[in-house]
Amino acid sequence: VKRDPTLLDAETRAVLCERSLAKSKVEAFIDLTWDICCRGSESWEDDRALASLLQFLAEYGAAHPTRYRRIRAFLVRTSSFATSAEVRGHADDARSTLQFGFWQWLGPTLRIAVDTETGQEYRWDDVVVLEEGIPDQDRRRLLAAIKNTPFLREAVFLLYRSTVIRLSDIPPGGVWIRQIGARHGKKVYRVTIQTRARDTYDLAVNLNESLNNEEIQEEIDWLIICGDSQGREPVVEDFGGYAPEQDVWSEELIAGDTLHRELKRLTRRSSEEEALKQLWPFLAWSAISSYVDFWTRTGKRLELAELSPRDIVLPTRDYHRGSRIVTLAPRRQHEGLLTMFASFREQFVEAIELEYPQLGGLVGWDVVFSSLLEVVGEREGLTSCREALAGEPGAPEALRTALEEYVATVEQRGFLPKRLYFAAKRYRRWAELNKGATSQARASTLQELYETYGLHGLSASYPEVRLRFFRETVFRDSSLELAQGLDNLIALVREGELSDSDLPGAIADLRQRMAAEPDDDYFLARIPFAYLRPEDAVGFVSTDLGGDYQAEIVVTLEDDQGGQFRVRHALLPKEVERLHRLFLAAKLDVRFGPEHRYLVAISDRDQIIGGIYYTIEDGARAAHLEKIVVAERYRRKGVADGLMNQFFNRLQASGVKVVTTGFFRPEYFYAYGFRIERRYAGLVKEL
C-alpha cells in the first residue's frame, strides 16, 4: 500500500472482503491507516492511500459482522482525532458505508411471523408490551423503531456477542418495555426480550427529548470511543445502535445500583455505618478513576461537568472491578489538571461528605491524585503532575502543597495501585482481629488475598507488586534493617535493575546479612516462590568461598515414605563433584560446564542424593534440562518427583516460560508434561 496507493481498488477490496482475515491482519490495516492519519497527509499519494484504506475497512466491517464493532470504533476515533478536516471527512464517509452495509447484512425486519405452536400469525404489536403510563408519543416512537428498522436486532447482536434474533424467535408478549429514568434531555427505557429458547436480553434504550442532532451524535461518538476497550477496563456502557428517524439509541443495561442508591441503602441502618466508612475510600477512588479514564479516552480534551452519584455504578466490594459511568452528559472542555483535581474533590468527594457527614475526612487528596496514576500509570502520572505544578500557577495553595508532597512520596516509595492498597488494608484489618494467628494462617490469608484481588495481573506494570504486598503486610512492622533492605529491593525491581530470576538470590543475600526471626525466614522465602504452600518448610543457607559469597533458599520436602530431604542449588564445588559422581554411578556420561546450574536433593544426613543440571537460555525465557539423577537407594520414593516439581516451580517463578530436554527416555518425560513440538528439538514443556 505504501509503494502503490492505488493497490486497494474496488476489485481488490472485493476480493479481500470475501476472505476471513485473521484479527491480527485487520489490526495491521488499522495500524497503517492510523499511522498515515497521525503524521498528516504528506502527499497526494498519502491521500489516495488513506481514502482507499478507510473504504476497505468500511467494506470489510460490513461484510464481516464480527469485526464491525472494532472497525466502527476506529472510524469514529479517526473522525474525532485525525489531524486534518479532509481525513475526518473520509472517515465519516467510511462510517456511513459501514453502517449501511451492516444494516444490509442484518436484513429487513419481518412484519409477520407464525407461532410454531398454534400456527397463528402474529405481529410486533402482539410481541411488545409497554408499561402503563408511557406517553403515547413515546409508545409510537419505540414501536416504530422496533417494527421498521433493524434497531432491536442490531442492539442484541452487538451487546450480546453476535446473537441474531428475529420476530419469529420471540413469542407474543416476549418484549417488555418500562421507563427507568429521565435526565439530561432524554428518557431511558429498559427493554427486556424473552425468546422461545428462554434466553433473556436486557437493553437500555434512550429516547431523545431536547438534545439537538449535534449533541446526540457527539454523545454517541464518545460512547463508542470510550467503549472500545482494547484490553482496558470498560468505563461506559457499550453502545448498540441509533435509529435516526425515531431519535432513539440503544446501550448496554448496566447491572447494579448507582452510587446514589447504594449510599442510601448503606445508611438506612446504623449497623452498616462502619462498613460504609471502610468502603467509602474505595468507592471514591473507583469513581474518580472512571472520570480520569473518560478524560484520557477523549484525548484529554473533555471532562464530565456533573459528577453526580446518580450517574455512576460502582462495585461494592473492594476486590471487585467494573465501574461504569451511565451518562456522558453534560461535558466541558478540560482546563488543566489541577482544576480537574479541584473539581473531583469539591463536586464529588465534598458534596457526598456534606450529605453524609459520617464520611467526612476519610478521603484525602492522595485518593484524588492516585486515581490519575491508577489510569495512566506511575511514570506518565508523575510527569503530568510535575507539568501541572509548573504550568498552573493559579491553583489553590493547599492543593499545590498536597500534590507536591504526594509526588515526593511516590518518587521515594513508589505508587500503590488500588488493588494492592486495598488488599494490604484488608490483611491488616484481619491481622488486627487475629493477633495470635499462626504463620500458616497468615500465609494462607496472604495467598488468598493475592489471588482474590488479582495482584498477579499488576506485575506487568508494577513488577515489584509481590515484594510490595509483603512489605505492606507481614513486614510492615519489621526491624529497621529488614524494612530498609526490602525497600531497597523494591526500588531495584521498580527500576528494572533486579529481575525475577535474580530475586531469590537477592532475598537470600539480604537474609544472610542480618539477624532474623524464624517467622521472617518463613515469609521471605515466599516472596520469590509464590508456589510454596503454607505448610511447606523453608530456610536459608549460605557459603563464603574466599569472598565469593552465595546464599540460597532451601525447601524441605517429604518422600513417599515420610523421610525428609531438602532441595536447593549447589553452592560448593564439592557438591557439584558429588552430583557428578552420582551421574557416573548411574552410568550416565555427563560433561559439566561453566554455563550449567545444579539443583540438588540433600538427605537429612547432608548427603547429595539426586540432582538436575540445566542451562538458562533465550534471555532467561527458556531453560534446557540436561539430565536428572537420583541415587540408587532413594529411587522410587518420590525424590525425583520432588526435584522435578521444584525445578519447574523455581523456573516459573523466575520468569522462564519454556523448558526443553533431549529425546532420551521420552516416556519418562511425557509424564511431566513434555511433548514433541515442531519448533523445538527433543521435547518441550510450557510452564
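Quick notes on this one:
- Restricting segment 115-139 to residues that are β-branched (Val, Ile, Thr) and part of a strand (DSSP E or B), the residue that is most open to solvent (accessible area, probe 1.4 Å): VAL129
- Residue in segment 140-165 that is nearest to ARG198 (Cα to Cα), counting only those that are surrounded by 14 or more Cβ atoms within 10 Å (Cβ to Cβ) and of a type in the set (D, E, K, R): ARG153
- Residue among GLU45, GLU27 that is among the acidic types (Asp, Glu), at pLDDT 90 or above and surrounded by 11 or more Cβ atoms within 10 Å (Cβ to Cβ): GLU27
- The single residue among ILE112, ILE71 that is hydrophobic (A, V, I, L, M, F, W, C), closer than 24 Å to PHE157 by Cα and open to solvent by 30 Å² or more (accessible area, probe 1.4 Å) turns out to be ILE112.
- Remark: pairs (first residue in segment 217-234, more than 11 Å from PHE294 (Cβ to Cβ) and part of a helix (DSSP H, G or I); second residue among the hydroxyl-bearing types (Ser, Thr, Tyr) and open to solvent by less than 70 Å² (accessible area, probe 1.4 Å); Cβ separation under 9 Å; 6+ apart in sequence or on different chains) = GLN217/TYR242; GLU219/THR327; ILE220/TYR242; ASP221/SER79; ASP221/SER80.
- The test for being in contact (Cβ under 8 Å) with a residue 12 or more places away in the chain and over 30 Å from PRO234 (Cα atoms) does not hold for GLU59.
- Count of residues meeting criterion [under 15 Å from PRO528 (Cβ atoms) and in contact (Cβ under 8 Å) with a residue 12 or more places away in the chain] in segment 486-501: 8
- Comparison of ALA483, ALA506, ALA424 shows that the only residue that is touching a residue at least 40 places away in the same chain (Cβ under 8 Å) and assigned to a helix (DSSP H, G or I) is ALA424.
- The numbered conditions (1) small (Gly, Ala, Ser); (2) open to solvent by less than 50 Å² (accessible area, probe 1.4 Å); (3) under 36 Å from the mean Cα position of the chain (by Cα) are all true for ALA530 except (2).
- Scanning segment 234-271 for residues that are out of contact with any Lys or Arg (no Cβ under 8 Å at 6 or more places or on another chain), open to solvent by less than 60 Å² (accessible area, probe 1.4 Å) and among the charged types (D, E, K, R) turns up ASP238, GLU251, GLU252, GLU262.
- Scanning segment 423-448 for residues being surrounded by 19 or more Cβ atoms within 10 Å (Cβ to Cβ), over 17 Å from the mean Cα position of the chain (by Cα) and either at pLDDT below 95 or not basic (Lys, Arg) (or both) gives a total of 5.
- Residues that are surrounded by fewer than 22 Cβ atoms within 10 Å (Cβ to Cβ) and not in a helix (DSSP H, G or I), drawn from segment 272-306: THR298, GLY299, LYS300, ARG301, LEU302, GLU303, ALA305, GLU306
- Per the conditions (1) in contact with a helix residue (DSSP H, G or I) (Cβ under 9 Å, 6 or more places away or on another chain); (2) open to solvent by 60 Å² or more (accessible area, probe 1.4 Å), the sole criterion not satisfied by ARG581 is (1).
- Filter pass, ALA516 being open to solvent by less than 60 Å² (accessible area, probe 1.4 Å), out of contact with any helix residue (DSSP H, G or I) (no Cβ under 8 Å at 6 or more places or on another chain), within 18 Å of ALA551 (Cβ to Cβ) and in contact (Cβ under 8 Å) with a residue 12 or more places away in the chain: no
- Residue in segment 63-80 that is closer than 30 Å to GLU237 by Cα, assigned to a helix (DSSP H, G or I) and more than 29 Å from the chain's Cα centre (by Cα) present: yes
- The listed residues are ASP366, ASP318, ASP311, and the only one of them that is under 28 Å from the mean Cα position of the chain (by Cα) and open to solvent by 60 Å² or more (accessible area, probe 1.4 Å) turns out to be ASP366.
- Residues of segment 486-503 classified as part of a helix (DSSP H, G or I) and either under 17 Å from ILE553 (Cα atoms) or open to solvent by less than 20 Å² (accessible area, probe 1.4 Å) (or both), total: 5
- Test: residue in segment 395-407 that is under 30 Å from the mean Cα position of the chain (by Cα), assigned to a helix (DSSP H, G or I) and free of Cβ contacts under 8 Å to residues at least 12 places away in the same chain: yes
- Any hit, segment 444-457, residues being more than 16 Å from PHE523 (Cβ to Cβ), of a type in the set (Ser, Thr, Tyr) and in a helix (DSSP H, G or I): yes
- Test: residue in segment 81-90 that is within 26 Å of the chain's Cα centre (by Cα), open to solvent by less than 60 Å² (accessible area, probe 1.4 Å) and either within 23 Å of GLY227 (Cα to Cα) or among the hydroxyl-bearing types (Ser, Thr, Tyr) (or both): yes
- The conditions of being on the phi < 0 side of the Ramachandran plot, part of a helix (DSSP H, G or I), surrounded by 18 or more Cβ atoms within 10 Å (Cβ to Cβ) and more than 30 Å from the chain's Cα centre (by Cα) are met by LEU643.
- Tabulated pairs, segment 336-352, first closer than 20 Å to GLY391 by Cα, second acidic (Asp, Glu), C-beta under 8 angstrom, 6+ apart or interchain: GLY336/GLU392; LEU337/GLU387; LEU337/GLU392; LEU338/GLU392; THR339/GLU392; MET340/GLU303; SER343/GLU303
The values are calculated or read from the model by the stated rules, or taken from the named source; none is laboratory data. Keep in mind the model is a prediction, meaning the values are calculated, not measured. Neighbour counts run over all protein chains shown; Cβ positions are idealised from the backbone, glycine included. These accessible areas exclude ligands, DNA and RNA; they are computed on the full protein's heavy atoms, side chains included. Shrake-Rupley method; radii C 1.70, N 1.55, O 1.52, S 1.80 Å.
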